[in-house]
Amino acid sequence: MLSLLGRALLALAFLTSAHQIARPEKAGDAVVRNVTMTSQIAPFALLVGAFVLDASSLDLVARFGGDGLPLFYRISAVWGGRAGPLLLWAAILAVVTWFMAREGGPAALEVRIMHVWVLALVVLAWLLEPFAAATGGQGELHPLLQTDLMVIHPPVVFSYYALCLATASVALAGVLRRDSADAIHAAQLHWARAGFVLGSIGIGLGGLWAYTVLDWGGYWAWDPVETGSLLPWLALLLIVHVRAKPDSSSAVSASPAIGLLAGALAFHATLVTRANGVWASVHAFVADGEGTLADDPYLRVLDIAELTPVGIEVTSYLVAIIVLGYYAYAHLRRQQWLALAATGRTSMLEAKPKLAAGLVLAYIAVGFWIGSSAVFALGLALILLVVHGDSENPPLHWIALGVLLMLYSAWFWLADITQAVTGMVPFLAPWLLSPEDENEMVAVLLPLEDTSARTRAARSVPWYGGTAFLLLTWLLLTVEIDGSSLEAHEFYGAPLIGLLAIALTLYAWGHSIDASRGTALVAAALVT
């Protein structure tokens, strides 16, 4: 009976979510909104109730529950299987969507997108059969889940991921409507701030759990699941600090793309946790199947992408990452096109089509030579942005990011020195072939001579340094499939942390210490 009720509630959650997507004009009705949210929460509520009451007629309860568990541990047992966390995530998304929806009018596009996420999670959970009848087998809750922290840590983390998806949904809706970047940034900012706060709490609780339970002797060891959860937090950090950057128009233009990446990275964090055989992690409570031997993590994902519930689930995360990543790229392309149209300039692809095509083909060849799907995909997006940029004034930020990608690839054993240097050539060529700018070096040296310029440069460090740290952390995660490397994270991340400390010091000085004296003090500190 309980199994039948659970399946009926899953069907109801599916139907109400689909109704909100297909009939947005009905979404403004308060009764419809409340019924939809209630139906989307109901499967999770029933599963929690089954664990609390030890309804051992359900297979999940029989395998992970037990009347000998304390009440709170019975709740944490809900995340012991694969389906429980998905129903939790869907329920939290339902609440966030309820707050996002407006009364008295049709559902905004971002609300419909949120219902798409809820519907997808409900379908994935349904495939995993959370309400399957018990078959007679008995199990026990994973010992690492039998802690007080694991009662509250997963709900906080999934609330953080839900707010990342809210940020991405607002950004995606704005991109599809072709809203201005300023409007999209303003609309997504409060969701990003809320996600940043909850992410800080969730990551902190995870570190405390690791310290008290795993006996690492510390709060953070760059375990793949820890690292994966940090990536969307770094993306939200960039959104929150957009206005801190001097001449923030370029940062605002990129903000919707970063919002989309925050959602993609939330799915990526879930992929890291739930794709068994891809990343080795102490957090793998929901593993199924056997590991594979591919060196590339995303190829490993494809190896386990069979037509099974687990394979469909893992593949769905990868598809969501690709879709959100594509729209992030499409937004950046459109912003470049608008900037060129406003100034009457032409792109390299229009002015020098043979050179542009040659650079793209050259990078594609290098990308295949390197053999990393992560380096290939990101580098291809960057080189396309370069060739769609100003033909006379190539976009230095994309060029610099492409060069940094190649440097990181060499440092993190994704490419050898020859491959990395060859990969830099397509990015550096547009800059080397562009007309010489006599003021370029003056602008670089100005912060050493002018206090106001020094302060502006210091305010730019969180934006550019955060981007570099996000790229560094993600690429390191792609090579840590068989275990994390604490030394690599500390060695390569320390210079960026040091740069941030210097920037904060320079900003705090303001005009109280002149530029020449400040430069001397920083140089002396670095030498000593």
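For the stretch 503-511, the criterion of a residue being at pLDDT below 85, surrounded by fewer than 12 Cβ atoms within 10 Å (Cβ to Cβ) and part of a loop (DSSP other than H, G, I, E, B) is satisfied by at least one position.
Taking Leu477 as meeting all but one of (1) assigned to a helix (DSSP H, G or I); (2) touching a Pro at 6+ places or on another chain (Cβ under 9 Å); (3) surrounded by fewer than 19 Cβ atoms within 10 Å (Cβ to Cβ), write down the number of the exception. It fails just one condition, (3).
Taking residues in the stretch 375-392 that are within 26 Å of Tyr298 (Cα to Cα), and partners anywhere that are of a type in the set (D, E, K, R), the pairs with Cβ atoms closer than 9 Å and at least 6 places apart or on different chains are Leu384/Arg333; Leu385/Arg333. Just one of the listed residues (Ser56, Ser76) is polar (S, T, N, Q) and part of a helix (DSSP H, G or I), and it is Ser76.
Taken together, the residues in the stretch 162-201 that are among the hydroxyl-bearing types (Ser, Thr, Tyr) and either surrounded by fewer than 24 Cβ atoms within 10 Å (Cβ to Cβ) or out of contact with any Leu (no Cβ under 9 Å at 6 or more places or on another chain) (or both) amount to 2. The combined condition, being assigned to a loop (DSSP other than H, G, I, E, B) and crowded, with 17+ Cβ neighbours inside 10 Å, is not fulfilled by Phe158.
Go through Leu141, Leu119, Leu69 for me and flag whichever is surrounded by 18 or more Cβ atoms within 10 Å (Cβ to Cβ) and part of a helix (DSSP H, G or I).
Leu119
Looking only at residues of the stretch 482-502 that are among the small types (Gly, Ala, Ser) and in a loop (DSSP other than H, G, I, E, B), we find that the one that is surrounded by the most Cβ atoms within 10 Å (Cβ to Cβ) is Ser484. Identify the residue in the stretch 202-211 that is of a type in the set (A, V, I, L, M) and crowded, with 16+ Cβ neighbours inside 10 Å and, among all such residues, is farthest from Phe99 (Cα to Cα). My answer is Ala210. How many residues does the stretch 379-422 contain that are touching a Ser or Thr at 6+ places or on another chain (Cβ under 8 Å) and part of a helix (DSSP H, G or I)? Final tally of qualifying residues: 6. Please go through (1) in a helix (DSSP H, G or I); (2) surrounded by fewer than 19 Cβ atoms within 10 Å (Cβ to Cβ); (3) not small (Gly, Ala, Ser) for Arg102 and return the number of the only condition it doesn't satisfy. Here Arg102 clears every test but (1).
Only one of the numbered conditions (1) surrounded by fewer than 19 Cβ atoms within 10 Å (Cβ to Cβ); (2) of a type outside the set (S, T, N, Q); (3) part of a loop (DSSP other than H, G, I, E, B) is violated by Gly49, and that is (3).
Among the residues of the stretch 19-46, those that are assigned to a helix (DSSP H, G or I) and small (Gly, Ala, Ser) comprise Ala22, Ala30, Ser39, Ala42, Ala45.
Checking the conditions here, which among Val252, Val272 is in a helix (DSSP H, G or I), modelled with pLDDT of 75 or more and under 17 Å from Ala374 (Cα atoms)?
None of the other options fit; the residue is Val272.
Being at pLDDT 80 or above, touching a helix residue (DSSP H, G or I) at 6+ places or on another chain (Cβ under 7 Å), not assigned by TED's automatic domain parsing to the domain that holds Thr227 and not aliphatic (A, V, I, L, M) is a property that Thr519 lacks.
Consider the stretch 367-398. How many of its residues are in contact with a Pro (Cβ under 7 Å, 6 or more places away or on another chain) and crowded, with 16+ Cβ neighbours inside 10 Å?
The first filter runs over the stretch 367-398 and keeps only residues in contact with a Pro (Cβ under 7 Å, 6 or more places away or on another chain), leaving 383, 385-386, 389, 392, 394.
Those left that are additionally crowded, with 16+ Cβ neighbours inside 10 Å: 383, 385-386, 389, 394.
Residues flagged as in contact with a Pro (Cβ under 7 Å, 6 or more places away or on another chain) and crowded, with 16+ Cβ neighbours inside 10 Å within the stretch 367-398 amount to 5.
Note on the stretch 1-25: residues that are modelled with pLDDT under 95, of a type outside the set (Gly, Ala, Ser), surrounded by 14 or more Cβ atoms within 10 Å (Cβ to Cβ) and touching a Pro at 6+ places or on another chain (Cβ under 8 Å) total 1. Taking the condition touching a Phe, Trp or Tyr at 6+ places or on another chain (Cβ under 8 Å), buried (at least 19 other Cβ atoms within 10 Å of the Cβ) and modelled with pLDDT of 80 or more, does Pro426 pass? When the stated conditions are applied, Pro426 passes them. Here the stretch 335-374 is the region considered, the condition is being touching a residue at least 24 places away in the same chain (Cβ under 8 Å) and in a loop (DSSP other than H, G, I, E, B), and the residue that is nearest to Leu404 (Cα to Cα) is Ser372.
The values are calculated or read from the model by the stated rules, or taken from the named source; none is laboratory data. Every value quoted in this text rests on a predicted model; they were computed, and no experiment measured them. Note that we place each Cβ from the backbone using ideal geometry, even for glycine, and neighbour counts take in every protein chain shown.
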